[in-house]
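Everything below concerns the one structure shown next.
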Amino acid sequence: MNNQSDFKTKHPIYLDYAASTPIDPLVLKSMYPILDKYYANTMSIHSLGQESKDLLEKTREGFAKILKANPGEIVFTGSASEANNFILKGIAYAHKSLGDHMIVSSIEHHCVLNSTKWLEKKGYKIDYLSVDKNGIVNLEELKSLINDQTVLVSIMHVNNETGVIEPLDKISKIINSVREDRLKRKIETPIYLHTDASQSFGKIEVNVNKLGCDLLTLSSHKVYGPKGAGLAYIKKGIKIAPLIHGGGQEFGFRSSTVNTPAIFGFYKACELALKRQKQDYLKAMKLKVKIIKTLQSKLSNCYLNGDISTQVPQIVSIRFDYVEGESLVYLLDTQNICVSSASACSSLSLSPSHVLIALGLKPEQAHGTIRVSIGRFTTNEEVNYLLKVLPDIITKLRNISPFK
């Protein structure tokens, strides 16, 4: 590669791994024979159907070992958004006679927040837990918001926009204390802890026992697996209403013909993610530190959103005063660099990021933010090119900014 221009034109630079990851070639290779051979319906009683069923159950057992759960606690879905909808709405409907109150953090993914907004319209009571300037949930506020009607607390493990890691171990201790108190007072209403671990798996440890969660969500396409597969962990004994009705697949919790090849690919991606977790983490941390230090040395009024010590290294949420993030995204795209200005699921909205507003940023500060998300295939050369191009773009935008 002779110069930066050749690099730009010949090689698209993908720095939006938090939005979605490419399928790892090893995962794709493992899926080919499954796509070819295991096409039969897992509910069919003939031999081909039973072969597909056996593969599905072996895959379920594999996930159980990974999460330190039991196979009967693993329910496959079509996505993390579906799993989150299923868990929130399923818990709400299964327990309405005992409790109609839920607590979620103010920085949850839109599939959680829009589910709770929908539940509010159905008469459920929802409280939205605040966070500090780094995005950590307010534990004292959590304690004060829990009442005898609270059936679910849902706090994501890692935020998709800033990469902040929530203290689930401390949150689970609060939930357990509430359970003990209810037991003493003979309050029948159960209380459960759910976490969306879509952005944490493969970056940091995800173990349902250590996390202390009762329900958990995972996503395939966030871990270099195929799209069309997700997972809901539901602790044994928890009552939950199904979201989709039909043929009774997935223990009756999720009716629909099972996408066996995608689920198998999802499992292989998770296996690979665990093997690579340490090396991917260390590589991403070096690149994250490089991005922050270099940009702050070249540009004034450049800030990391949150505290790097409480974040996963793969997500870099960085803001620039007097610059509009959408313009940055578009101009970087003209240089063949792919980043985002917020969560990809809400990138078409002109409203400032609800996550960044929750951190205490002003709308114009939130609008001046881009998210650079580093992945397994990100190279030092790619980051160098970003760090060469980005300061020039910001300087040009600031020169024409009416806000400076």
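The values are calculated or read from the model by the stated rules, or taken from the named source; none is laboratory data. Worth saying up front: this structure is predicted, and the values here are computed from it rather than measured. No Cβ is skipped: glycine too gets one built from the backbone with ideal geometry, and neighbour counts run over all protein chains shown. Surface areas here come from the heavy atoms of the whole protein model, side chains and all, with no ligands, DNA or RNA. Shrake-Rupley method; radii C 1.70, N 1.55, O 1.52, S 1.80 Å.
Taking only protein heavy atoms and a 1.4 Å probe, what accessible area per residue, in Å², does the chain have with all protein chains in place?
Spelled out: the 1.4 Å probe surface of the chain, per residue, equals 44 Å².
Among (1) 143; (2) 226; (3) 182, which is the computed volume of the Cα convex hull per residue in Å³?
Read-out from the structure maps to (1).
Can you sort 14, 39 by 1.4 Å-probe accessible area, starting with the largest? Could you put the intermediate results ahead of the total?
Working: 14 75, 39 155 Å².
So the residues, ranked largest to smallest area, are 39, 14.
If r is the Cβ-Cβ distance from residue 336 to residue 309 and R0 is 22 Å, what FRET efficiency results, to the nearest 0.05?
That pair, residue 336 with residue 309, gives E of 0.10.
Quick check: the distance between the Cα centres of the range 366-393 and the range 65-84, to the nearest angstrom?
33
Along the positive direction of the dipole of the range 192-301 (beta-carbon charges: Lys, Arg +1; Asp, Glu -1; about the Cα centre), which of 287, 226, 265 reaches farthest?
Going by the charge dipole, the pick is 287.
Would you please put 322-329, 113-120 in order of how densely packed they are, using the mean number of other Cβ atoms within 10 angstrom per residue and starting with the highest?
322-329, 113-120
Need the full-extension length gain, residue 399 to residue 143, defined as separation in residues times 0.36 nm minus the C-alpha distance. One decimal, nm.
87.3 nm
In whole Å, what is the distance between the alpha-carbon centres of the range 34-62 and the range 134-151?
Result: 43 Å between the Cα centres.
Please report the antiparallel percentage of the DSSP beta bridges confined to the range 160-247, to the nearest 5.
DSSP beta bridges in the range 160-247 are roughly 55 percent antiparallel.
If you place +1 on the Cβ of every Lys and Arg and -1 on the Cβ of every Asp and Glu, how big does the dipole about the Cα centre of the chain come out, in debye to the nearest 20?
Working: 50 positive and 39 negative charges, 104 e Å.
I would put it at about 500 debye.
Just order 159-166, 25-32 by mean Cβ neighbour count inside 10 Å, highest at the front, would you? Can you show the working numbers first?
On the way: 159-166: 26.4, 25-32: 15.5.
The densest-packed peptide leads the list: 159-166, 25-32.
Under unit Cβ charges (Lys, Arg +1; Asp, Glu -1), what dipole magnitude, rounded to 20 debye, does the range 267-367 have relative to its Cα centre?
660
On the protein heavy atoms, probe 1.4 angstrom, tell me the percent of accessible surface of the range 153-215 carried by carbon and sulfur.
Carbon plus sulfur share of accessible area: 50 percent.
Rounded to the nearest 5, what % of the DSSP beta bridges within the chain are antiparallel ones?
50
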